[in-house]
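Scroll down for the structure; my scribbles are underneath it.
The values are calculated or read from the model by the stated rules, or taken from the named source; none is laboratory data. For clarity, every value in this text was computed on a predicted model and none was experimentally measured. As a convention, Cβ positions derive from the backbone with ideal geometry for all residues, glycine included, and neighbour counts pool all protein chains shown. Calculation scope for accessible area: heavy atoms of the full protein, side chains included, ligands and nucleic acids excluded. Shrake-Rupley method; radii C 1.70, N 1.55, O 1.52, S 1.80 Å.
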Amino acid sequence: MAVSKIHADNVEHAILKSDSAVAVKWIKNKAEEIVQAALIDVQEIQKIWERRPDWDFRKIPRICNGLAHGVSKWAYGANWDGPIPPPLILENVFCEEGFHTPNCS
């Protein structure tokens with residue numbers, strides 16, 4: 001989970017974005033009723049967030065999340081751990097997700 005990773009890397013300031021208004025509401029409002037399937041993840045994020053007051057969680061439109069989803073999908077499939085060099089993003093994510101660049105064949 002990205003939150004655990006950036007917490008472990010001791011990132012002090014972060015803005016975490018989600019295209020799920022419900023998820024952001026669950027994280028920001030401890031009184032909100034959370035579905036059982038998400039409970040453990042949301043509680044873990046809330047615990048980390050208590051120790052990272054300079055972090056923020058924001059809702060973004062789903063259409064804005066396409067590239068982030070593509071990067072995550074590629075990194076997971078490649079079992080990638082660590083920063084992704086921009087050339088790999090261009091070659092492996094932009095083209096697969098339908099973003100056309102000069103590097104796409």
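Results, tabulated for the structure shown:
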| quantity | calculated |
| --- | --- |
| Count of residues meeting criterion [touching a residue at least 12 places away in the same chain (Cβ under 8 Å), out of contact with any Phe, Trp or Tyr (no Cβ under 7 Å at 6 or more places or on another chain) and surrounded by 15 or more Cβ atoms within 10 Å (Cβ to Cβ)] in segment 6-16 | 1 |
| Which listed residue, of Trp55, Trp49, Trp26, is crowded, with 16+ Cβ neighbours inside 10 Å, more than 28 Å from Trp80 (Cα to Cα) and of a type outside the set (D, E, K, R) | Trp26 |
| Within segment 2-51, tally of residues that are at negative phi and assigned to a loop (DSSP other than H, G, I, E, B) | 13 |
| Residue that is modelled with the lowest pLDDT [pool: residues in segment 29-46 that are β-branched (Val, Ile, Thr) and open to solvent by less than 60 Å² (accessible area, probe 1.4 Å)] | Ile34 |
| Segment 52-79: number of residues that are charged (D, E, K, R) and part of a helix (DSSP H, G or I) | 2 |
| Any hit, segment 11-21, residues being modelled with pLDDT under 80, out of contact with any Cys (no Cβ under 8 Å at 6 or more places or on another chain) and among the hydrophobic types (A, V, I, L, M, F, W, C) | no |
